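All of the numbers you see were taken from the coordinates with simple rules; none came from a lab. This structure is a prediction, so every number in the text was calculated from the model and none was measured. As a convention, Cβ positions derive from the backbone with ideal geometry for all residues, glycine included, and neighbour counts pool all protein chains shown.
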């Protein structure tokens, strides 16, 4: 997980390297915290069978 400041810097770098590309997913830090918290809850409550299909 990355903090919102690092996330924003990563997006800025990607946009600066990609001509004509502009991201539209720009949640506020409170929303990013909520998304991260929900994601953590989902991963921690997942069963082995749920995680068995995961591919990196």
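Taking neighbour Cβ counts within 10 Å as the exposure measure, how do 7, 25 sort from fewest upward?
In order of increasing Cβ crowding within 10 Å: 25, 7.
Got a sec? How would 32, 1 order by Cβ neighbour count within 10 Å, fewest to most? List each step's numbers first, then the result.
Working: 32 18, 1 10.
Sorted ascending by nearby Cβ count, the order is 1, 32.
Rounded to the nearest 500 deg cm²/dmol, what is the calculated helix-only ellipticity per residue at 222 nm for the chain, with -39500 (n - 2.57) per DSSP H run of length n ≥ 4?
Working: 3 runs with 35 residues, N = 56.
Per the formula, -19000 deg cm²/dmol.
(1) 55; (2) 41; (3) 38: which one is percent of Cα pairs over 17 Å apart as calculated from this entry?
(1)
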